[in-house]
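Below you'll find the structure, written out as structure tokens, and then a few comments.
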Amino acid sequence: MSRQQRLGVLRQHMQDQHISAVLLTDRFSKYAVTELYSASGYVLVTPAHLWILVDGRYSAECQQNNPDVDVLTLTAEHPLSHFLRLFIGGERLFADASQLSHLAWQALESQCGLALQHWDASALRVNKYPDEVAKIREAATIADHALETVMPLIRPGISEKALADHIEMAVRQAGGSKTSFDTVVVSGTRGALPHGRPTDKKLTTGELVTIDFGAVYQHYCSDMTRTFALGNVSEELKAIYDTVFTAQQTARDAVRPGIRCQELDAIARDIIAAAGFGEYFSHNLGHGLGLDVHESPALSPQNAQPLEPGMIITIEPGIYIPGLGGVRIEDDVLVTESGGEVLTHSPRVWEEICL
Ligand code: GLY
Ligand code: MN
């Protein structure tokens, strides 16, 4: 079971780094080692113990869901600082500074007389365990099914907003609990906005439309983008599509353990640059995916981290030309022992995406 394994990894890391106590504060890291999935509450880990600390709204349910864990109730008389003083004393305490406000960080230090130190909690979740892979695989399948359901609606006349609403409904009907972020639907010249919000603009013949959405299944996310052609589109838009398609497929096929994130990014970026569109690919090639829709590793030109089996990443190159439109194709890929396994399968070949 991934939680026990991950706790073992965390404790090994603590031992290697001489870390005596870690406080997890964000919902994803807490859920990675316990059954607590909430922005509220804390998980405190020492070499020999693990506590969940939540207020009275959550304690009964939390104890039910975590029968083998000490669940402590936070009250006005016994706030977090009380328990930290009790359990940690004057030891150093590590927490992820990116997940606590400056105010909360300072308050903990002054109330507990502790030296808080930053520790990147998300690093724990970079490699996925088999039960997590299974959930992300299902989230990807749900996204595929949802897109299949709405395909007949992707026609001239429907508004971007209405299409986004149908996608969100289709995700739930296909078994997702929700979408993994606000669904992107952008058409025509609005396609040049990589993360544009859907508007009342109606889809029109001769345009491209880009749809970017994901499903959440048992708290795990998928993330997929497709760009469709509505009737006959200009040669210029077709050329952009072909370039993104080639860049995406080539990068996807290059996924394997050991390749550096920046090498993968460069594979796609070089193809787009060689076609003359380099300045219009304005973001990273992709990102890790798991409990959060954006996790490490970043597939950026700067990141020299090598891929490892068990990572799940997105491959999502795009070209966005102001005043003309845009194209992005995104798939979720599991890094395996020998290469990559694509988890999202919706049509991406030109003939199949012409509506
Ligand atoms: N597909 C949404 C994102 O990666 O930000
Ligand atoms: Mn993405």
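The values are calculated or read from the model by the stated rules, or taken from the named source; none is laboratory data. Source: prediction; values computed, not measured. Positions of Cβ are generated from backbone atoms using ideal geometry, with glycine treated the same way; all protein chains shown enter the neighbour counts. Side chains included, ligands, DNA and RNA excluded: accessible areas come from the protein's heavy atoms. Shrake-Rupley method; radii C 1.70, N 1.55, O 1.52, S 1.80 Å.
Rounded to whole Hz and in sequence order, give me ³J(HN,Hα) for segment 166-178 from the Karplus expression 6.51 cos²θ - 1.76 cosθ + 1.60, θ = phi - 60°, writing x for Gly and Pro.
Coupling constants for segment 166-178: 5, 5, 4, 5, 5, 4, 5, 5, 8, x, x, 7, 5 Hz.
Cut-off 13 Å, label point 7 angstrom out along Cα-to-Cβ of HIS283: give me the residues of segment 258-277 whose amide nitrogen falls inside.
none
Relative to the longest principal axis of the C-alpha atoms of the chain, give the angle of the C-alpha long axis of helix 235-253, reported between 0 and 90° and rounded to the nearest 10°.
The helix 235-253 is inclined about 40 degrees to the chain.
Against the longest principal axis of the chain, how steep is helix 261-274, in degrees 0 to 90 to the nearest 10, with axes from Cα atoms?
20 degrees
Under the rule of at least 5 residues apart or a separate chain, name every residue whose amide H is placed under 5 Å from the amide H of GLU207.
For GLU207, the qualifying residues are LEU230.
At 1.4 Å probe size, put LYS178, LYS201 in order of accessible surface, largest to smallest.
Details: LYS178 95, LYS201 55 Å².
Accessible-area ranking of LYS178, LYS201, largest first: LYS178, LYS201.
Take every Cα pair under 8 Å in the chain that's 6+ residues apart, average their separations, divide by the length, and report that relative contact order as a whole percent.
Working: 780 pairs, mean separation 50.2, N = 355.
Value for the chain: 14 percent.
Counting other C-beta atoms within 10 Å, and keeping those with at most 10, which DSSP coil GluC sites (Glu not before Pro) do you find in segment 281-355? Could you put the intermediate results ahead of the total?
On the way: sites: GLU295, GLU330, GLU337, GLU341, GLU351, GLU352; in loops: GLU337.
Within segment 281-355, the qualifying GluC sites (Glu not before Pro) (loop, at most 10 other Cβ atoms within 10 Å) are GLU337.
Rounded if a/c is under 1.5, else prolate if a/b is larger than b/c, else oblate: which is segment 213-303, with a ≥ b ≥ c the root eigenvalues of its Cα gyration tensor?
Verdict is oblate for segment 213-303.
Are there any GluC sites (Glu not before Pro) in segment 74-157 that are in a DSSP loop and have at most 11 other Cβ atoms within 10 Å? List them by number. Write out the running numbers ahead of the final one.
Numbers: sites: GLU77, GLU91, GLU109, GLU132, GLU138, GLU148; in loops: GLU77, GLU91.
Loop-located and lightly packed - GLU77.
Among ILE272, GLY258, ALA239, flag the residue with its Cα farthest along the positive direction of the charge dipole of segment 184-289, charges on Cβ as +1 for Lys/Arg and -1 for Asp/Glu.
Projecting each Cα onto the dipole axis, the largest value belongs to GLY258.
Cβ under 9 Å from SER2's Cβ, SER2 left aside: what net charge do those residues give with Lys, Arg +1 and Asp, Glu -1? Display every interim value, and only then the final one.
Details: positive: ARG3, ARG6, LYS128; negative: ASP131, GLU132.
Surrounding charge for SER2 is +1.
Where the accessible area of the chain is counted over protein heavy atoms with a 1.4 Å probe, how much of it, in %, is carbon and sulfur? Each step should come with its number before you reach the end.
Values: 7650 of 15050 Å².
Roughly 51 percent, rounded to a whole number.
With everything on Cα atoms, drop me the angle between helix 2-16 and the longest principal axis of the chain, reported from 0 to 90° to the nearest 10.
60 degrees
Using a 1.4 angstrom probe, figure out how much accessible area the chain has per residue, in square angstrom, rounded to the nearest whole. Intermediate values should be presented prior to the final figure.
Working: 15050 Å² over 355 residues.
For the chain, the solvent-accessible area averages 42 Å² per residue.
Quick one: net charge of THR149's neighbours, Cβ under 12 Å, K/R +1, D/E -1?
On the way: positive: ARG172; negative: ASP144, GLU148, GLU168.
Neighbour charge sum, excluding THR149 itself: -2.
Go through LYS135/LYS202; LYS202/LYS238; LYS128/LYS201 and tell me which ones have a Cα-Cα distance over 31 Å in this structure. Spell out each step's value before the answer.
Working: LYS135/LYS202 35 Å; LYS202/LYS238 21 Å; LYS128/LYS201 40 Å.
Long pairs (Cα-Cα over 31 Å): LYS135/LYS202; LYS128/LYS201.
Write down the percent of antiparallel bridges among all DSSP beta bridges whose residues are both part of the chain, to the nearest 5.
On the way: 39 of 50 bridges.
That works out to approximately 80 percent antiparallel.
By accessible area of protein heavy atoms, probe 1.4 Å, what ranking do HIS166, HIS195 get, highest first? Intermediate results must be reported in sequence, preceding the final value.
Working: HIS166 80, HIS195 115 Å².
The ranking, largest first, comes out as HIS195, HIS166.
Take peptides 154-164, 259-269 and line them up by average Cβ neighbours within 10 Å, highest first, as a rough protection proxy.
Working: 154-164: 17.8, 259-269: 20.6.
Taking the mean over residues of other Cβ atoms within 10 Å, the ranking is 259-269, 154-164.
Setting aside same-chain residues fewer than 8 positions from LYS161, which aspartates and glutamates have a Cα under 17 Å from its Cα?
Those aspartates and glutamates meeting the cut-off are ASP182, ASP200, GLU207, ASP212.
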